[in-house]
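Colleague: Please see the structure below; I have some questions.
The values are calculated or read from the model by the stated rules, or taken from the named source; none is laboratory data. Quantities reported herein were computed from a predicted structural model and do not represent experimental measurements. Cβ coordinates were reconstructed from backbone atoms using ideal geometry, including for glycine residues, and neighbour counts include every protein chain displayed. When the accessible area is computed, the model is the full protein with side chains, heavy atoms only, and any ligands, DNA or RNA have been set aside. Shrake-Rupley method; radii C 1.70, N 1.55, O 1.52, S 1.80 Å.
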Amino acid sequence: RVGQFLQHVGLPASQVVGAIPERRREVTAGKVAANAVMAGCLPEYLPVVLAATQAMLDPVFNLVGPSSSMGGAAILVIVNGPVARDLNINARNNLFGPGNRANATIGRAIRLILMNACAAVPGLFDRSVIGHPGKYTYCIAEAETETHWIPLHVERGFRPDQSTVTV
């Protein structure tokens, strides 16, 4: 299944997606795909999981901070643009609740990547005192067409027809 996921995005398993130098960790496309499979993702979700992984591993994001916080921070994934609609990522009712495979499994894949590839294991580098339910899964889409606000990705400089992931 990991091979099938990687074939879907055309990446070799050894392709480095990002790193956490402070933890001496490199995250490869193969590790991302394996965690997406374990989370129950469909192959078509992998581009979103990869984009979210690249975003949280960007040095500007400073993943070490939220992934080791004693305050229980969780990584929220916000998906915008056509991909949110194509994958049916929930942006409406019961937004943070159960019932949507894309939301649940993409968010879960990010948490598994944090634990399995980034060493954000509770009690080790994840030093949260009480945790946060978003640490299980925390992925939503923005209901772009149902508000007078400018969509988040457009506000951040992308075109409305572009697909983006914000963490």
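Colleague: Would you kindly find the accessible area of Phe125, with a 1.4 Å probe and non-protein molecules such as ligands, DNA and RNA excluded, rounding to the nearest 10 Å²?
Modeller: Near enough 80 Å² of accessible area.
Colleague: For the chain, what does the helix formula give at 222 nm: sum of -39500 (n - 2.57) over DSSP H segments with n ≥ 4, over the residue count, nearest 500 deg cm²/dmol?
Modeller: -10000 deg cm²/dmol
Colleague: Evaluate the Debye formula for segment 89-167 with equal point scatterers sitting on the alpha carbons, no solvent, and hand back log10 of I(q)/I(0) at q = 0.12 Å⁻¹, in q order, two decimals.
Modeller: Log10 of I(q)/I(0), two decimals: -0.45.
Colleague: Work through the residues other than Ser128 whose Cβ is under 15 Å from its Cβ and net out their charges, Lys, Arg +1 and Asp, Glu -1.
Modeller: So the environment of Ser128 carries a net charge of +2.
Colleague: Just to confirm the filter: which trypsin sites (Lys or Arg not before Pro) across segment 5-47 are DSSP coil and have at most 12 other Cβ within 10 angstrom of their Cβ?
Modeller: Hits after loop and neighbour filter: Arg24.
Colleague: Next up: Rounded to the nearest 20 Debye, what is the dipole magnitude of segment 79-133 about its Cα centre when Lys and Arg each give +1 and Asp and Glu each give -1 at the C-beta?
Modeller: 100
Colleague: Turning to a different aspect of this structure: Give, as a single signed number, the net charge of other residues whose beta carbon lies under 15 Å from the beta carbon of Gly71, with Lys and Arg counted +1 and Asp and Glu -1.
Modeller: Within the 15 Å Cβ shell, the charges total +1.
Colleague: Summing +1 for each Lys or Arg and -1 for each Asp or Glu, what net charge is found among the other residues whose Cβ lies under 15 Å from the Cβ of Gly99?
Modeller: +3
Colleague: How many nm is it between the label spots at Glu146 and Leu42, if each spot is 7 Å from the Cα in line with the beta carbon?
Modeller: Calculated label separation equals 2.0 nm.
Colleague: Sticking with this structure for a sec: Accessible area per residue, 1.4 Å probe, Å², for the chain: what's the number?
Modeller: For the chain, the per-residue accessible area is 52 Å².
Colleague: Modelling each spin label as a point 7 Å along the Cα-to-Cβ direction, I'd like the Arg1/Gln15 distance in nm, to one decimal.
Modeller: 2.1
Colleague: For the chain, what is the convex hull (Cα atoms) projected area averaged across all directions, in square nanometres?
Modeller: Orientation-averaged projected area of the Cα hull: 9.7 nm².
Colleague: In nm, to one decimal, how far is the Arg127 label point from the Ser69 one, both placed 7 Å along Cα→Cβ?
Modeller: It is 1.4 nm.
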